[in-house]
Amino acid sequence: MSRTAVVGAGAWGTALAALRARDGERVHLLGRDAAMVAEINRTRRNPRYLPGIELPEALAATVDPAEALGHATTVLLVTPAQTLREVAASLAPHLAPAARLVLCSKGIERATGLFASAVVRDTLPDNPIAVLSGPSFADDVARGLPTAVTLAAEDERLADELAQALSGPSFRVYAHADVLGVEAGGALKNVLALAAGAAAGLGLGASAGAAIVTRGFVELRRLGEALGARPETLMGLSGLGDLVLTCSGTQSRNFRYGLAMGRSEPLDALPLAEGVHSAAIARRLARERGIEAPIIEAVAAILEDRMPVREAVASLLARPLRREFDERRIEPPLPVF
Ligand SMILES: NC(=O)C1=CN([C@@H]2O[C@H](COP(=O)(O)OP(=O)(O)OC[C@H]3O[C@@H](n4cnc5c(N)ncnc54)[C@H](O)[C@@H]3O)[C@@H](O)[C@H]2O)C=CC1
Ligand SMILES: O=C(CO)COP(=O)(O)O
């Protein structure tokens with residue numbers, strides 16, 4: 001029998017645990033704040049991260065990794081990208097070697113430039129690894145609203161099995177083999193959503209927003225492909241799909257962070273925005289590969305306080321004109337629906 005544990009009792013971890021538990025499975029949710037864990041078990045709510053959502057009885061929160069992971073056959077890792085190495089190491093003594101790991105973070109490790117699967121494989125080389133990504137706000141998923149995401153694993157059978165196991169009436173999981181492609185889309189769209197939010201914060205209008213999504217996607221695709229992603233992956237749910245969602249408005253924390261940047265509002269108390277932690281390393285990965293990524297460059301420069309947001313916009317608009325696409329390029333096939 002499949003037993004699921006979720007590591008990280010924030011918005012996304014709680015939503016995914018609730019989703020599984022609603023489908024009738026007993027799910028352990030591993031948090032690190034004892035008071036919050038007790039509150040979840042007592043009130044069936046996680047008011048800090050998922051206000052207004054009632055959590056199913058079958059969800060059991062704990063701070064004890066042995067209790068959460070002792071019998072788990074599938075473990076979802078749902079903590080911020082920069083914590084993954086440390087979290088994976090802390091889980092090692094409690095994990096069964098056959099336990100399947102599903103990595104749900106969207107980011108790039110700053111110190112190494114690695115995506116989640118490579119970071120976790122360093123620490124837990126024996127466990128089968130998959131990544132889950134795609135357009136999915138925690139609040140939507142927790143409310144049972146229809147959502148479609150991608151789950152990738154190098155082992156196709158593992159991807160198919162996990163996609164089947166994690167799918168439910170409102171949560172549709174598409175299996176995929178391109179792990180790096182799925183990870184690249186998930187990390188880079190966050191950086192671009194900061195730009196979309198900043199443009200909105202400056203009041204630049206919906207046309208500017210559409211330009212950022214479209215030209216941002218060109219950067220996501222150029223850099224993703226240079227990193228080894230398959231072009232069709234970047235056009236799918238975990239690439240273009242998630243870029244569109246995250247640039248769509250204030251339900252996204254990355255967009256909200258960008259909005260505050262554009263309005264010159266304080267940034268310190270804002271919730272996790274993974275793009276803030278990925279921007280400089282995404283810029284480095286692009287530069288090392290000779291990839292032009294002016295929007296990513298602008299976001300990184302703004303975050304480093306090297307450029308005011310208005311100046312960044314002016315410099316993007318002042319770039320030399322060019323052809324929209326390189327017509328010599330052969331376009332990849334469209335995804336299969
Ligand atoms: N919130 C969303 O709608 C979605 C989030 N994600 C991704 O999931 C990841 C987690 O995001 P959220 O749950 O939304 O963030 P969050 O900020 O709501 O929660 C993060 C959780 O990780 C825990 N945590 C932080 N540092 C830790 C450490 N060193 N060790 C153990 N636990 C630690 C926190 O206590 C908190 O419970 C991010 O990479 C995010 O991009 C992906 C899809 C949707
Ligand atoms: O990844 C997400 C949606 O797919 C969540 O986006 P934010 O982290 O910007 O809220």
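Evaluate region 267-275: report whether one residue or more is of a type outside the set (Gly, Ala, Ser), closer than 21 Å to Ala312 by Cα and either near ligand 2 (Cβ under 9 Å from one of its atoms) or out of contact with any helix residue (DSSP H, G or I) (no Cβ under 8 Å at 6 or more places or on another chain) (or both). Checked against the condition, which is being of a type outside the set (Gly, Ala, Ser), closer than 21 Å to Ala312 by Cα and either near ligand 2 (Cβ under 9 Å from one of its atoms) or out of contact with any helix residue (DSSP H, G or I) (no Cβ under 8 Å at 6 or more places or on another chain) (or both), region 267-275 yields at least one hit. When region 97-139 is filtered for residues that are within 10 Å of ligand 1 (Cβ to nearest atom) and farther than 23 Å from Leu234 by Cβ, the ones remaining, listed by number, are Ala138, Asp139. Exactly one residue out of Pro294, Pro308, Pro266, Pro320 is touching an Asp or Glu at 6+ places or on another chain (Cβ under 9 Å) and at pLDDT 95 or above, and it is Pro294. Looking only at region 94-107, decide whether some residue is within 16 Å of ligand 2 (Cβ to nearest atom) and among the charged types (D, E, K, R). Yes, region 94-107 has at least one match. Scanning region 50-109 for residues that are of a type in the set (D, E, K, R) and either surrounded by fewer than 19 Cβ atoms within 10 Å (Cβ to Cβ) or out of contact with any strand residue (DSSP E or B) (no Cβ under 8 Å at 6 or more places or on another chain) (or both) yields Glu54, Glu57, Asp64, Glu67, Arg85, Glu86. For the criterion of being modelled with pLDDT under 95 and hydrophobic (A, V, I, L, M, F, W, C), Ala81 fails.
Flag: Asp33 matches the condition of being surrounded by fewer than 24 Cβ atoms within 10 Å (Cβ to Cβ) and at pLDDT 95 or above. Assessment of region 217-233 against the conditions (farther than 23 Å from Leu132 by Cα, away from ligand 1 (no atom under 16 Å from the Cβ) and among the polar types (S, T, N, Q)) yields no matching residue. Entry remark, region 37-93: residues being among the hydroxyl-bearing types (Ser, Thr, Tyr) and under 30 Å from Ala280 (Cα atoms) number 4 in total. Counting the residues of region 174-203 that are surrounded by fewer than 24 Cβ atoms within 10 Å (Cβ to Cβ) and within 14 Å of ligand 2 (Cβ to nearest atom) gives 1. Checking each residue in region 261-277 for being of a type in the set (Gly, Ala, Ser) and surrounded by fewer than 18 Cβ atoms within 10 Å (Cβ to Cβ) picks out Ser264, Ala269.
If you filter region 216-250 down to residues that are surrounded by fewer than 19 Cβ atoms within 10 Å (Cβ to Cβ) and within 21 Å of Leu202 (Cα to Cα), you find that the one that is nearest to the chain's Cα centre (by Cα) is Val244. Taking first residues from region 240-268 that are free of Cβ contacts under 8 Å to residues at least 40 places away in the same chain and partners that are surrounded by 14 or more Cβ atoms within 10 Å (Cβ to Cβ) and part of a loop (DSSP other than H, G, I, E, B), the Cβ contacts under 6 Å between residues at least 6 apart in sequence or on separate chains come to Arg253/Ala273.
Can you find a residue in region 115-129 that is surrounded by 20 or more Cβ atoms within 10 Å (Cβ to Cβ) and of a type in the set (Ser, Thr, Tyr)? Looking for residues that are surrounded by 20 or more Cβ atoms within 10 Å (Cβ to Cβ) and of a type in the set (Ser, Thr, Tyr), one finds at least one in region 115-129, hence yes. When you look at Leu132, is it more than 13 Å from ligand 2 (Cβ to nearest atom), buried (at least 23 other Cβ atoms within 10 Å of the Cβ) and of a type in the set (A, V, I, L, M, F, W, C), yes or no? Criteria not met by Leu132.
Residues in region 1-30 that are within 9 Å of ligand 1 (Cβ to nearest atom) and β-branched (Val, Ile, Thr) were compared, and the one that is surrounded by the fewest Cβ atoms within 10 Å (Cβ to Cβ) is Val7.
Could you go through region 88-96 and let me know if any residue there is in the same structural domain as Ala9 (by TED's automatic domain parsing) and not in a helix (DSSP H, G or I). Checked region 88-96: at least one residue is in the same structural domain as Ala9 (by TED's automatic domain parsing) and not in a helix (DSSP H, G or I). Inspection of region 321-331 finds no residue satisfying the criterion of being within 16 Å of ligand 2 (Cβ to nearest atom) and in contact with a helix residue (DSSP H, G or I) (Cβ under 9 Å, 6 or more places away or on another chain).
The values are calculated or read from the model by the stated rules, or taken from the named source; none is laboratory data. Note that the structure is predicted; figures quoted are calculated from it, not measured. A quick note on method: Cβ atoms are made from the backbone with ideal geometry, for glycine too, and the neighbour counts reach across all protein chains shown.
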